[in-house]
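The values are calculated or read from the model by the stated rules, or taken from the named source; none is laboratory data. Only a predicted model underlies this, so the values are computations on that prediction, with no experimental measurement involved. Note that each Cβ is placed from the backbone with ideal geometry, even for glycine, and that neighbours are counted across all protein chains shown. The accessibility values were calculated without ligands, DNA or RNA, using every heavy atom of the protein model including side chains. Shrake-Rupley method; radii C 1.70, N 1.55, O 1.52, S 1.80 Å.
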Amino acid sequence: IAAVFTQVAPICSGQTLDPLPTTSTNGVTGTWAPAMNNTATTTYTFTPNSILFPCASNQVLNVSVVNPTTPTFNAITPICFGTAAPTLPTTSTNGITGTWSPAFNNQVTTTYTFTANSGQCALPTNMTVTVLPMLTPLFNQVNPICPGDILNPLPTTSLNGIIGTWTPAL
């Protein structure tokens with residue numbers, strides 16, 4: 001008699017590996033060796049109970065353990081405080097789908113964690129989105145002028161290095 005077993009689907013390294021059945025699909029009982037290992041592909045040998053099944057032969061079952069993939073993403077360029085939040089992709093550049101947490105915050109630099117959807121052998125991945133502070137341009141006050149006097153052009157670079165334009169026209 002040959003004990004018959006259903007092949008175990010590959011698992012992700014570290015994932016829970018259910019114990020192998022001690023009774024085959026055709027009713028042969030016995031034990032497995034070596035001990036279960038959820039971190040490396042292992043070939044297990046089933047030894048039938050020799051008292052109950054003296055003519056049954058040993059069987060082997062290979063359980064594949066796959067190393068998890070690290071999801072990869074293109075970096076998000078820094079955003080300005082309060083600007084519209086960029087959409088964090090729900091599919092990595094290497095095809096892993098999942099979700100991000102916490103919820104996006106457009107007011108402070110935050111590190112987000114991507115968790116793969118169930119059934120994918122992938123590690124959590126972090127991405128930091130930098131939020132640049134809101135800056136107020138600083139200028140020296142223009143001295144009062146009399147009507148008709150010449151008003152010098154206003155500076156286009158603030159004292160703190162912000163470049164811009166003025167409206168309305170002088």
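Which value, in Å², gives the accessible area per residue of the chain when a 1.4 Å probe is used on the protein heavy atoms? Present the calculation step by step, with values, prior to reporting the outcome.
On the way: 11270 Å² over 170 residues.
Computed with neighbouring chains in place, this is 66 Å² per residue.
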Check: At a Förster radius of 30 Å, what calculated FRET efficiency corresponds to the Cβ-Cβ distance of C80 and N152, to the nearest 0.05?
Finding: 0.45
Item checked: Computed E for A103/T70 - FRET, C-beta separation, R0 30 angstrom, nearest 0.05 -> 0.80
Notebook entry, point to check: With each label point set 7 Å from Cα along the Cα-Cβ vector, what nm distance links T22 and A9?
Noted result: 2.6
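May I ask you to derive the FRET efficiency for N94 and N62 from their Cβ-Cβ distance with R0 = 30 Å, giving the value to the nearest 0.05? Show your work: numbers first, answer last.
Numbers: r = 27 Å, r/R0 = 0.89.
It comes out at approximately 0.65.
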Next item on the list: Summarise the accessible area of segment 62-167 (1.4 Å probe, protein heavy atoms) by the percent that is carbon and sulfur.
Entry: 58
Next item on the list: Can you give me the three principal axis dimensions of segment 9-162 from its C-alpha atoms, in Å, biggest first?
Entry: 116, 20, 19
